[in-house]
Amino acid sequence: MVSDVHGNARDLARAGEGADALICLGDLVLFMDYADHSRGIFPDLFGVENTDRIVELRTARRFEEAREFGARLWAQIGSDRRTVIEKAVRKQYAEMFAAFPTPTYATYGNVDMPPLWPEYAGPGTMVLDGERVEIGGWVFGFVGGGLRTPMRTPYEIGDEEYAAKIEAVGEVDVLCTHIPPEVPELVYDTVARRFERGSRALLEAIRRTRPRYSLFGHVHQPLARRMRIGATECVNVGHFAGSGKPWVLEW
């Protein structure tokens, strides 16, 4: 199982070795690498120095200044922003989806562009969002995307829409989401030094339906990678872009 792949196609191609299936919890796109400012769509377009600056502003939670700075950069290149980004994302998706083994079960992350996925997901990749599937006798539920934030990443949705997808999944053995439940230890990123958005609806569903596991990613360097909520083992399956190692679930 992997999450937050962010362009790591090389390790993704080996992630399913020895496993019956690969599960991916989203964020295939690498727009900007906070650890290495030379990697990603943004530095490819605007260079490392400008990436240094925008990361500095975002880390300081000066989001409005970061948006204004970014807008000035985009104005300088004189091309339609959406067209330029989509072209770069398509290039990354071609690599990422080609690296998926068969079978792969995947859902979207908050930086993904869901409308493009059907073009790249082959017959061995099942894309699920607000849906359930049986794998090896256990029922897995999948909910993709993130909640709205000042970062305004591509696949952020409202709390009510997200809660409706959680409700649609219902009772499962394993609840797979991109974002974690709203628990301080699970949503705080120790390197970015901020609380990411977790889902209260997800937390309530865990308490109510008591799945065996709640599995997620999104927070790259969490204060706690795993904890129990009642009968449920909650696990951040890891920042795959950084580790290159999948998290393994056996049953």
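Some observations on this one:
- Condition broken by residue 73, with the remaining ones in (1) loosely packed, with under 15 Cβ neighbours inside 10 Å; (2) among the hydrophobic types (A, V, I, L, M, F, W, C); (3) in contact (Cβ under 8 Å) with a residue 12 or more places away in the chain; (4) under 25 Å from residue 116 (Cβ atoms) satisfied: (1)
- Taking the conditions (1) crowded, with 19+ Cβ neighbours inside 10 Å; (2) under 16 Å from residue 7 (Cβ atoms); (3) modelled with pLDDT under 95; (4) not aliphatic (A, V, I, L, M) in turn, residue 44 satisfies each one other than (1).
- Positions within region 164-200 being among the small types (Gly, Ala, Ser), surrounded by fewer than 19 Cβ atoms within 10 Å (Cβ to Cβ) and either assigned to a helix (DSSP H, G or I) or in contact with a Leu (Cβ under 9 Å, 6 or more places away or on another chain) (or both), in sequence order: 164, 168
- Residue list for region 89-145, filter: of a type in the set (A, V, I, L, M, F, W, C) and assigned to a helix (DSSP H, G or I): 89, 94, 96, 97, 98, 99, 116, 117
- Qualifying position, being hydrophobic (A, V, I, L, M, F, W, C), surrounded by fewer than 19 Cβ atoms within 10 Å (Cβ to Cβ), modelled with pLDDT of 95 or more and part of a loop (DSSP other than H, G, I, E, B), among 19, 15: 19
- From 131, 95, 156, 119, residue being surrounded by fewer than 16 Cβ atoms within 10 Å (Cβ to Cβ) and of a type in the set (D, E, K, R): 119
- Counting the residues of region 150-163 that are more than 19 Å from residue 27 (Cα to Cα) and either out of contact with any Leu (no Cβ under 9 Å at 6 or more places or on another chain) or of a type in the set (Gly, Ala, Ser) (or both) gives 3.
The values are calculated or read from the model by the stated rules, or taken from the named source; none is laboratory data. Everything numeric in this text was worked out from a predicted model, so none of it was measured. Neighbour counts are summed over all protein chains in view; Cβ atoms, including those assigned to glycine, are modelled from backbone coordinates with ideal geometry.
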